[in-house]
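S.K.: Take this structure, written in C-alpha cells, and hold onto it; I'll ask about it next.
Please treat every number below as a calculation from the coordinates, not as lab data. This one's a predicted model, so the numbers in the text were calculated from it and none came from an experiment.
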Amino acid sequence: MTLWCYEIETPLGAMRAAFDDRGKLRELAFGGLDPRATTPLAPKVQREAHRFLIKQLDAYFDQNLRTFTVPVDPHGTDFQMRVWDELQKIPYGQTASCLELAKRLGDETLVHAVGTASSVNPIAILVPCHRATGPDRGLSGYVGGTERKEALLKLEGALPSTPQLPF
C-alpha cells in the first residue's frame, strides 16, 4: 500500500499527513516531512482528502470545529486501538487521566500501558491524545511536546486560555 505524504502548516508548527490509497488518514504528526523524502504526485482522491483535512484543521484552530469528519485509519495493536478509541470519546474541551482511561478499559493496572499507547497514537489532534493527562492530571507525555499539548488544551477551553497561541 502506498502512503501519500503531505506537509501542513499549522499555528503549532509543521505537521506530516499521510493518506492511504483509499484517501483515509493514516498519520498526522508534528514535525513535517523529512526533506530527503520524495513522494510521487498523488491521485485525485488523496489530494482531495488532503484539502479536506486542511479545511477542517483550519476551522479547528479558528475554534469553529469541535468534531472532525476526516476518515481515519490508524494502525496498531488491538490494545492500542482500544486506547485510541477511548481517546476519541473524550469530549472537546475536557480531559481524562490515563488512570480513568485504564478503568474504562476494565483494568486500572493498565495505566502505564494506556500512557504508552497514547504516546504512539499516529493521528494527532483528530485522535485527541492531547486530552489524556497523567494520573495526577498533569500535562505529561505528549509526543508533540508539552507546550503544544498545553496550547491545544487552551484552544479547546480545557485549560485557562491566553489570548494567542504561543507558537
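S.K.: Hey, can you grab everything whose amide H is under 5 Å from the amide H of Thr133? Only 5+ residues off in sequence or another chain; H modelled, so Pro and N-termini drop out.
M.R.: Excluding prolines and chain starts, which carry no amide H, the hits are Ala96, Ser97, Cys98.
S.K.: For segment 133-141, what does the Karplus curve 6.51 cos²θ - 1.76 cosθ + 1.60, with θ = phi - 60°, yield as ³J(HN,Hα) per residue in whole Hz, taken in order and with x for Gly and Pro?
M.R.: 10, x, x, 8, 6, x, 8, 7, x
S.K.: Pull up all non-local amide H partners of Val72: gap of 5 or more, or a different chain, and H-to-H distance under 5 Å with H placed in the peptide plane.
M.R.: Long-range HN contacts for Val72: Leu25.
S.K.: Would you please give the residues with an amide H less than 5 Å from that of Ile125, counting only those at least 5 places away or on a separate chain, with H modeled from the backbone geometry?
M.R.: Result for Ile125 returns His130.
S.K.: Roughly how tilted is helix 146-156, in degrees to the nearest 10 and between 0 and 90, from the longest Cα axis of the chain?
M.R.: 90 degrees
S.K.: With respect to the cross-link table entries Lys24/Lys103; Lys89/Lys149; Lys55/Lys154; Lys44/Lys149, which display a Cα-Cα separation exceeding 25 Å?
M.R.: Over 25 Å Cα-Cα: Lys24/Lys103; Lys44/Lys149.
S.K.: In whole Hz and in residue order, list the ³J(HN,Hα) couplings for segment 56-72 that follow from phi through the Karplus curve 6.51 cos²θ - 1.76 cosθ + 1.60, θ = phi - 60°; x for Gly and Pro.
M.R.: For segment 56-72, the Karplus curve yields 6, 5, 4, 5, 4, 5, 8, 6, 10, 9, 10, 10, 7, 10, 5, x, 10 Hz.
S.K.: If you don't mind, there's one more thing I want to ask. Can you compute 3J(HN,Hα) from phi for each residue in segment 125-130, using the Karplus curve 6.51 cos²θ - 1.76 cosθ + 1.60 with θ = phi - 60°, rounded to whole Hz and x for Gly and Pro?
M.R.: Going residue by residue, I get 6, 5, 9, x, 5, 5 Hz, with x marking Gly and Pro.
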